[in-house]
Structures are given as C-alpha cells and as structure tokens.
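Undergrad: This is the structure I want to talk about, given as structure tokens.
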Amino acid sequence: MTDTKILLKSILSEALGHQASDIHILGSGEVFFRVAKNLLPASVRLDRAMMETIQKEILDDNQIKQCTTGIELDTSVEIDNVRLRIHAYLTRSLGSFSIRILPQTIPTMDELGLPSILKEIFSQNDGLILVSGATGSGKSTSIAAALEYVNQHFSRHIVCIEDPVEYLHQNAKSFFSYREIGKDSVSFDTAIRASLREDPDIVFIGELRSFESIKSALLCAQTGHLVVASTHAQDAASTIARIVHSAGSDRAEIASELAFCLRAIISQKLLPISEKQLRGIFEVLLATPAVKTLIRDQKFHQIPSQIAMGREFGMMSFEESQKTMPRGICPST
C-alpha cells in the first residue's frame, strides 16, 4: 500500500528527533516545534503545493471543505504507530495546523510522578473526578495513565467521550468504548446522556465545554457511575467556581449537585527541568464534608485552606508537590 502521508511523516520524524510535543504548521508554510516550553523552527518551509499536500494527508474532502469556510476542526491520525491530535484552523484565510504528538505508549502513573492518592481516587465506583489545568499541562496524559491503572487492576467498562479520541488502550481486565464527537455522536451532551444506556462503569469526558455537558456529567455521576472529566482551570478553587458560575441563576442548584457527587479535583502544571523535559506538579483536593459544605455555600476562596489542612487525607498543594514529588516526566498533552 502506498504511504499517502509522506510529507507529514518527514516533518514528524524531525519533530521526534527534537523530542517535540507539538508541531505548528502555519498557513505561510512555516513549521515550528514545541520543545518543552520553547519553540524551534523546523528545517523545512512549505510552499503552496506542499501545504495542499499536507492538508490532503490530514483531512478528508468534507473536512477540507469545512475548513475553507472558517470552521475549526479537531481530528486525529496515526503515522507509523504515532498518534497525532490535530486542530485545523484558518489564519488570514490560510489553512494552518496545531498538532499534538501523543506518546507511543501510555506512561504509568508512577512514571509520571502522579501523587499516590490518585490510585485510590480512580479506584472508586461512583462520583465525579475533575482534572484541571491549562492547555498543554498534561491533563490527557495523566488521565490516560490513571485509566490504564484501572484497566490493569479492575474489571470495568470505560466509555471515552472525546473530540477527538486521543489515547487507545489495549483491553486488559477492563474494556474501552470510544465515542468521538462529530463521528460517533453529535455532541458531548448527547454522548454523555447516551452513555447511561451503554452499561458503563466509568465515563471519561474529554472536556466539559458547556453548561449542558456539565449538567449531563453531574447527572451521570449521580446515577451510580464514576465520571472523569477534564476542564480548563488553574486550580481546584477556580475549577469549582467555573462550574458553578456556568449555571447563571441556577448556581445554588449546581453547587448542591456538585457538592453531592464530587470525589476529587486534581489540578496540574508543567515545569521545565531541562531544555527538553517537563515535570508535572499537582494540587489535589478531596471532597471531605468540610469541602462539600464550602461548595454548597459557594465559599470558593476558602478551598486553599482546606487543602492546607487536608494533608493527612492525601491533599496536596502545588507548593508541596514541587518540593516533594519525584522527578517524573509528564508529556505536555
């Protein structure tokens, strides 16, 4: 079979040589690699014909048509067993791509230096676990490692709802069902609600993007399932505030539902420890009775004090994590 992704394969090979986490292909034809926190120009600059070739290597005809009308697209491809998460967009009416290189193997929780309490957190049978952080802070990789821990130790049906699907697990004690938004379901909200009829034990939601998806996630967590979801927020307090404030006039109701089903919030950041390596640091909030009361009363500013007092339960601040965590390397994804 002819390799139809020759040009992209060449760019990927150079990126892997630099241990890059991301590839940026600009509409102008310039190519940059993200190496740790730095940007490095590639050795190649693409002309118009080459840009058209890259576009055809990444997108199908329908996606190309959508992209030319200004619709941003998320998709994934695999080249030589390397999975790529791709975001296609226009800049000055020219097609551009931000490409995340996903690790070829799913790292273990220990390899990432994740707090040991996470093994206990992800072993629970129901409730809501939130993983928060900025884009590129390692959320997807940490969740994949945690779900793989479940896969190796427990018998679970894990439904993964993502846009696009990133990590693929080999079924072990558990088995996975993957639902990609835009291909397998029309929206996160629809897929989450449908998952209740798919006999899941764990529902992983790639991102809580809207109030509708938040409501659906809370419903799922309240009906005897373990729900794991990622969200963009810098710490536990802002994660809670973001979810509650999304409800507008229904804040009190959402705060009460969140307090009822929340099990833990893991927030994370990546720090450079060398030119090409990043290390994850973490904040862990456990939903103790005192924390649940603060959530119901919407006293989010008091959450950090609960983390400080909850060390004996396994809670952790970013500062403590930076001082005590082993030097695990967390890929930026």
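Undergrad: Hey, could you pull the Cα Rg and Dmax for the stretch 37-77, both in Å?
TA: Taking only Cα atoms of the stretch 37-77, I get Rg and Dmax of 12.6, 34 Å.
Undergrad: When the accessible area of the chain is computed with all protein chains present and a 1.4 Å probe, what percentage of it is carbon and sulfur?
TA: Within the chain, the accessible surface is 49 percent carbon and sulfur.
Undergrad: Taking a ≥ b ≥ c as the square roots of the Cα gyration tensor eigenvalues, with a/c under 1.5 meaning rounded and otherwise prolate when a/b beats b/c, else oblate, which class fits the stretch 153-277?
TA: oblate
Undergrad: Another question, if that's okay. Which of the three applies to the chain, rounded, prolate or oblate, going by the alpha-carbon gyration tensor with a ≥ b ≥ c and a/c under 1.5 meaning rounded?
TA: prolate
Undergrad: Next question. What are the GluC sites (Glu not before Pro) within the stretch 238-322 that DSSP puts in a loop, where the Cβ has at most 13 other Cβ atoms within 10 Å?
TA: Those that pass, being in a loop and sparsely packed, are Glu275.
Undergrad: If you put +1 on each Lys and Arg Cβ and -1 on each Asp and Glu Cβ, how big is the dipole of the stretch 1-100 around its Cα centre, in Debye rounded to 20?
TA: That gives a dipole near 260 debye.
Undergrad: Sticking with this one: Once you've got the GNM for the chain with C-alpha springs shorter than 10 Å, pick whichever of Ser216, Ser28, Ser142 has the biggest mean-square fluctuation.
TA: Taking springs between Cα atoms under 10 Å, the residue moving most is Ser28.
Undergrad: Another question about this same structure. Under the √(5λ) rule applied to the eigenvalues of the Cα gyration tensor, what semi-axes describe the equivalent ellipsoid of the stretch 1-113? Give them in Å, descending.
TA: Semi-axis lengths for the stretch 1-113 are 24, 16, 15 Å.
Undergrad: Where both residues lie in the chain, what percent of DSSP beta bridges are antiparallel, nearest 5?
TA: Rounded to the nearest five, the antiparallel share is 60 percent.
Undergrad: What does the C-alpha gyration tensor say about the overall shape of the stretch 78-227? Classify as rounded when a/c is under 1.5, otherwise prolate if a/b is larger than b/c, or oblate.
TA: Judged from the Cα gyration tensor, the stretch 78-227 comes out oblate (a/c at least 1.5, b/c at or above a/b).
Undergrad: Grab the beta carbon distance between Glu120 and Ala290, set R0 = 22 Å, and tell me the FRET efficiency rounded to 0.05.
TA: Efficiency, from the Cβ-Cβ distance: 0.70.
Undergrad: Say we join alpha carbon atoms closer than 10 Å with springs in a Gaussian network model of the chain; which of Phe188, Phe300, Phe154 then has the biggest fluctuation?
TA: Comparing Phe188, Phe300, Phe154 in a Gaussian network model of the chain, the most mobile one is Phe154.
Undergrad: As I understand it, the dipole of the chain uses +1 on the Cβ of Lys and Arg and -1 on the Cβ of Asp and Glu, about the Cα centre. Which of Thr141, Ser246, Gly310 lies farthest toward its positive end?
TA: Gly310
Undergrad: Another question, if that's okay. What is the dipole size for the stretch 104-180, taken about its Cα centre, with +1 at each Lys and Arg Cβ and -1 at each Asp and Glu Cβ, in debye to the nearest 20?
TA: 160
Undergrad: Filter Lys183/Lys269; Lys9/Lys37; Lys9/Lys65; Lys5/Lys269; Lys9/Lys323 down to the pairs with a C-alpha to C-alpha distance above 29 Å, please.
TA: Correct reply: Lys183/Lys269; Lys5/Lys269; Lys9/Lys323.
Undergrad: Right, next: Could you provide, to the nearest whole Å², the per residue accessible area of the stretch 202-320 with probe 1.4 Å?
TA: Averaged over the residues of the stretch 202-320, the accessible area is 41 Å².
The values are calculated or read from the model by the stated rules, or taken from the named source; none is laboratory data. All values reported here derive from a predicted model rather than from experimental measurement. Reconstructed Cβ throughout: ideal geometry from the backbone, glycine too, with neighbour counts over all protein chains shown. Ligands, DNA and RNA are stripped out before the accessible areas are found, and what is left, the full protein with its side chains, is counted by its heavy atoms. Shrake-Rupley method; radii C 1.70, N 1.55, O 1.52, S 1.80 Å.
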